[in-house]
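The values are calculated or read from the model by the stated rules, or taken from the named source; none is laboratory data. Bear in mind the structure is a predicted one, so any value in this text is a computation, not a measurement. Positions of Cβ are generated from backbone atoms using ideal geometry, with glycine treated the same way; all protein chains shown enter the neighbour counts. Accessible surface is based on the protein model in full, side chains and every heavy atom, while ligands, DNA and RNA are left aside. Shrake-Rupley method; radii C 1.70, N 1.55, O 1.52, S 1.80 Å.
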Amino acid sequence: MTAARRATPEDALELVRLRKVMQDSCHGPNPDVSWQPAAVATLRARLAEPDGDLTAFVVDRPGGLAACAVGIIEHRLGGPGNPRGVSGYVFSVATDADMRRRGHSRACMEALLAWFEERGVRKIDLRASSEGEPLYTSLGFARTPDPAMRLTL
């Protein structure tokens, strides 16, 4: 059985490497890595906060990480379906190509979902690739009718 552990600031470089693996898998290879130093710095700082709102769970492999799942707790105004206004968002779920189909992403996701539950988060969102959707469905996620929109400034 695969065991996931909570990531530490020392894992930041590998987490960013796996984020690029995920992005390249979803959107095709992109040679732009200019974003990576800032992402590493952000992860090092945020993962150093023991009670912070961002965390990651990882599976190790010799020389680095095999898989990860990163999540954040968001605070918004409450509403009928979420009176406290607290929700979780999952991103950067990735497994190296040569380590797939071994339960690594599932182990990371289960640990992340337990982390959300421990903090009272009952609503969790993510965006699923077609390849990842079966895993998320098996964990209880369902498609929503909410359309997403974005403004980039």
* To do: For every helix of n ≥ 4 consecutive DSSP H residues, a contribution of -39,500 (n - 2.57) applies; sum these over the chain, divide by its total residues, and give [θ] at 222 nm rounded to the nearest 500 deg cm²/dmol.
  => -10000 deg cm²/dmol
* To do: Would you kindly state how much longer the chain becomes between H27 and T152 on full extension, computed as 0.36 nm times their sequence separation minus their alpha carbon distance, in nm to one decimal?
  => 43.2 nm
* To do: Step through the residues of the stretch 36-42 one at a time and calculate ³J(HN,Hα) from phi using the Karplus curve (6.51 cos²θ - 1.76 cosθ + 1.60, θ = phi - 60°), rounding each to whole Hz and writing x for Gly and Pro.
  => 5, x, 5, 5, 4, 4, 4
* Structure fact -> If one builds a Gaussian network model of the chain from Cα atoms under 10 Å apart, the most fluctuating residue listed among V58, V33, V93 is V33
* Structure fact -> In order over the stretch 137-153: 3J(HN,Hα) from phi, Karplus 6.51/-1.76/1.60, θ = phi - 60°, whole Hz, x for each Gly or Pro, gives 4, 5, 8, x, 6, 9, 5, 10, x, 5, x, 9, 9, 8, 10, 10, 9
* When only Cα pairs under 8 Å and 6 or more residues apart are kept, what is the percent relative contact order across the stretch 44-101? -> 27
* To do: Along Cα→Cβ, 7 Å out, is where each label goes; now give me the distance between the ones at N82 and R5 in nm to one decimal.
  => 3.2
* Structure fact -> In degrees, nearest 10, the alpha-carbon axis of helix 12-27 is tilted away from the dominant principal axis of the alpha carbons of the chain by 80
* Fluctuation leader among F57, F91, F141 - the chain, Gaussian network, Cα springs under 10 angstrom -> F141
* Structure fact -> One finds, for A41 and S130 with R0 = 22 angstrom and r their Cβ-Cβ distance, a FRET efficiency to the nearest 0.05 of 0.10
* Structure fact -> A correct Karplus calculation of ³J(HN,Hα) over the stretch 58-73, with 6.51 cos²θ - 1.76 cosθ + 1.60, θ = phi - 60°, whole Hz and x for Gly and Pro, returns 9, 10, 7, 9, x, x, x, 10, 9, 7, 7, 9, 10, x, 9, 9
* **Of (1) -0.54, -0.82, -0.88; (2) -0.44, -0.82, -0.93; (3) -0.52, -0.95, -1.08, the label for log10 I(q)/I(0) by the Debye sum over Cα atoms at q = 0.12, 0.16, 0.17 Å⁻¹ derived from the coordinates** => (3)
* Kindly express, to the nearest 10 degrees and within the range 0 to 90, the angle between helix 104-118's C-alpha long axis and the longest C-alpha principal axis of the chain. => 40
* Structure fact -> Rounded to the nearest Å, the spacing of the alpha-carbon centers of the stretch 71-98 and the stretch 18-53 is 17
* Ranked order, M22, M149, M109, M1 - accessible area, probe 1.4 Å, largest first -> M1, M149, M22, M109
* Structure fact -> Residues whose built amide H sits under 5 Å from the amide H of A66, excluding neighbours closer than 5 in sequence, are V59, D60, R61
* Structure fact -> Length gained, A97-A142, 0.36 nm per residue minus C-alpha separation, equals 13.7 nm
* Structure fact -> If one builds a Gaussian network model of the chain from Cα atoms under 10 Å apart, the most fluctuating residue listed among G71, G88, G79 is G79
* To do: Could you pull the accessible area for R6 with a 1.4 Å probe, rounded to 10 Å²?
  => 90
* Asked: Using Cα pairs under 8 angstrom and six or more residues apart, how large is the relative contact order of the chain, in percent?
  -> 24
